[in-house]
Amino acid sequence: MTVFVWQNVTVSDHYHSEGGLLVIADTERRARELAYKTPNVDVGNDQPAYAWPLAGDADELVLTFPDAGCC
């Protein structure tokens with residue numbers, strides 16, 4: 001499994017819709033599939049900013065980190 005991190009991508013339908021996205025998956029392709037199944041998430045054609053292989057087993061996971069905005 002690998003941890004994939006995208007920065008400044010759409011992760012919500014709020015006024016400040018951008019934020020960070022962390023996905024744990026076997027491949028980048030699977031990470032993208034999981035991301036697109038998550039409501040309001042769109043990574044577009046952006047490449048992950050980071051990708052780290054995990055040393056042990058892990059379950060697939062999607063975590064969004066919405067921009068808190070200015071207000």
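The values are calculated or read from the model by the stated rules, or taken from the named source; none is laboratory data. The shown structure was predicted, so the numbers you read here are calculated from the model rather than taken from an experiment. Cβ coordinates were reconstructed from backbone atoms using ideal geometry, including for glycine residues, and neighbour counts include every protein chain displayed.
Determine the pairs where a residue that is on the phi < 0 side of the Ramachandran plot, located within segment 15-43, has a partner that is at pLDDT 95 or above and basic (Lys, Arg) with Cβ atoms under 8 Å apart, the partner being 6 or more residues away or on another chain.
So the pair list comes out as Val43/Arg32.
Look through segment 6-17, keep the residues that are surrounded by fewer than 17 Cβ atoms within 10 Å (Cβ to Cβ) and in a strand (DSSP E or B), and return whichever of them is farthest from the chain's Cα centre (by Cα).
Asn8
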